[in-house]
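Please read the structure below before turning to the comments.
The values are calculated or read from the model by the stated rules, or taken from the named source; none is laboratory data. If you're wondering where the values come from, they're calculated on a predicted model, not measured in any experiment. Cβ atoms come from the backbone with ideal geometry, glycine included; neighbour counts cover every protein chain shown. These accessible areas exclude ligands, DNA and RNA; they are computed on the full protein's heavy atoms, side chains included. Shrake-Rupley method; radii C 1.70, N 1.55, O 1.52, S 1.80 Å.
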Amino acid sequence: ILKGSIHPIKIRLKEEMNHAADRLKFELAAEYKSKLQLLETFQSKSLIVNPNITDIDIVTILPGEKISYVNFMKVEMGTIRVSETVLIKSKLQEKTNEILAYAVPTLQQKFNSHSATIISNFLFELPEINVIIPQIGDKKKLLNLSIKNALMFKKNHLRIKTKQQDDSNRTIRQLQKDLRLRSLPTVIECFDNSNIQGTYPTASMVYFKNGKPLKQQYRHYNIKTVIGPDDFSSMTEIIYRRYDRLLKEKKTIPDLIVVDGGKGQLSAACISLKKLNLYGKVPIIGIAKRLEEIYFPEDSIPIYLNKKSSTLKLLQFIRDEAHRFAITHHRNRRSNESIKSMLDNIPGIGTKNKTALLTRFKSLSQIRTASISTLTNTIGNKLGTRVHNYLNKKKDSG
């Protein structure tokens with residue numbers, strides 16, 4: 001009953017009621033009749049349409065240039081069993097019927113629907129599916145209800161999005177005020193170094209716009225000019241490489257540069273800005289981890305922001321994201337180098353084969369546990385078998 005499968009139970013109750021009446025057990029028949037009436041009352045309250053509309057799906061869409069909202073409803077036994085609205089990112093040239101043709105099979109699979117008839121506000125084509133746009137009657141009411149659900153979802157989504165944007169703008173304005181910046185720090189770039197005892201030195205840059213990370217703009221750096229564990233020289237190198245390239249490509253310089261570290265890291269970054277004639281033209285700060293001090297160029301005394309302030313929370317988030325990104329790249333590079341050194345010991349494995357293995361398997365453990373057939377598909381029968389035997393022999397002897 002709770003799942004909406006009411007019709008079979010009604011049939012059984014009627015059969016039991018008639019059977020009791022045939023045996024002259026009128027009190028028992030009255031009990032079955034009472035249960036049947038209660039069930040019909042329950043059903044009438046849960047029905048949106050008449051009981052004759054069964055096993056049908058309703059899919060409506062509110063199309064947009066970048067985002068479309070799709071509502072899916074599943075009707076069984078005259079009862080709406082499922083109602084869900086999803087947000088789908090739309091391509092500029094993508095047509096509404098193409099979006100529906102993509103979304104509907106996914107939604108039907110998710111909710112285990114096998115309906116061959118779909119009510120919709122747009123026509124689209126799917127194999128063995130009949131799509132209709134009703135104009136009157138209970139099916140039209142279902143269509144309108146689905147559209148209403150999509151509209152409510154869209155309104156709530158836009159409200160939340162607007163609030164988040166307002167909160168972000170408020171934080172950016174507060175950041176400008178707290179750091180005494182001349183312009184709004186819409187674009188912020190933050191840098192961090194990572195090395196273990198000077199091995200495989202790497203660095204990262206994360207990119208934030210309007211207080212939100214844009215991961216497609218993140219950048220990794222392998223340190224090229226520094227030997228040994230020298231974080232200051234590494235910072236000088238990556239700052240120079242980043243903004244020398246932006247200047248040469250005539251791209252926009254950020255509104256604020258943040259370096260993970262205190263006075264030393266900040267001074268190292270400023271060396272490169274001076275070489276590039278950017279010093280004083282773009283604001284730059286350093287944020288030290290231990291006490292969360294904020295350092296400015298040529299000022300030995302840091303400022304301390306309120307621990308609960310939105311400015312500090314944003315800067316911490318940006319700094320931590322840069323650190324996470326740097327650590328991830330460093331680990332990957334260290335892992336790849338260790339794999340390469342291990343593969344170098346296997347006769348016949350050259351640069352091309354090492355690259356193919358790294359691209360396919362990512363880690364030494366995945367190469368070791370891969371089947372011979374998978375390895376041979378990647379680098380050929382002879383070398384694939386040789387790699388498998390070498391690594392597993394190495395494992396067994398260890």
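Counted by Cβ distance under 14 Å from Lys248, the other residues give a net charge of +4, where Lys and Arg count +1 and Asp and Glu count -1. With each label modelled as a point 7 angstrom along the Cα→C-beta vector, the Gln164-Asn392 pair spans 4.8 nm. Counting 0.36 nm for each residue step from Arg180 to Leu24 and taking away their Cα separation leaves a gain of 46.9 nm. What the chain shows is 58 Å² of accessible area per residue, with the surface traced by a 1.4 Å probe over protein heavy atoms.
Once label points are set 7 Å from the Cα along Cα→Cβ at both Lys281 and Tyr304, what is their separation, rounded to one decimal in nm? According to this spin-label approximation, the distance is 3.7 nm. Whole-Hz Karplus ³J(HN,Hα) for the range 262-275, in order, using 6.51 cos²θ - 1.76 cosθ + 1.60 and θ = phi - 60°, x for Gly and Pro? Coupling constants for the range 262-275: x, 4, x, 5, 5, 4, 5, 5, 5, 4, 5, 4, 5, 4 Hz. Using alpha carbons only, how many degrees (0 to 90, rounded to 10) separate the axis of helix 381-397 from the longest principal axis of the chain? The angle comes out at about 80 degrees. With axes computed from alpha carbons, what is the tilt in degrees of helix 7-22 against the longest principal axis of the chain, rounded to the nearest 10 within 0 to 90? With rounding to tens, the tilt is 30 degrees. Using R0 = 41 Å, the C-beta based FRET efficiency linking Glu98 and Thr54 works out to 0.90. Applying the Karplus relation 6.51 cos²θ - 1.76 cosθ + 1.60 with θ = phi - 60° to the range 131-141 yields 3J(HN,Hα) values of 9, 10, 10, x, 10, 9, x, 5, 5, 5, 5 Hz, where x marks Gly and Pro. For the chain, the longest principal axis of the C-alpha atoms and the axis of helix 96-110 are separated by about 80°. Computed over the chain, the per-residue total of -39500 (n - 2.57) for DSSP H runs of n ≥ 4 gives a 222 nm mean residue ellipticity of -17000 deg cm²/dmol, rounded to 500. Under the combined filter of DSSP loop state and at most 10 neighbouring Cβ atoms within 10 Å, the range 77-115 retains these trypsin sites (Lys or Arg not before Pro): Lys91. When the P(r) is computed for the chain, the part past 40 Å accounts for 52% of the Cα-Cα pairs. Translational diffusion of the range 41-163 was estimated from the Stokes-Einstein equation, with Rh taken as the Kirkwood radius over Cα pairs; at 20 °C and 1.002 mPa s the coefficient is 144 µm²/s. Net charge in the neighbourhood of Gln109 (other residues with Cβ under 14 Å of its Cβ; Lys, Arg +1, Asp, Glu -1) is 0. Checking the Cα-Cα distances for Lys66/Lys251; Lys10/Lys110; Lys212/Lys313 against a 22 Å cut-off, the pairs over it are Lys66/Lys251; Lys10/Lys110.
Share of carbon and sulfur in the accessible area of the chain stands at 52%, probe radius 1.4 Å. Spacing of the modelled spin labels on Lys91 and Lys155, each 7 Å from Cα toward Cβ, amounts to 3.3 nm. In plain terms, the chain is cut at each of the GluC sites (Glu not before Pro) found in a DSSP loop with at most 14 other Cβ atoms within 10 Å, and the longest leftover piece is 129-248.
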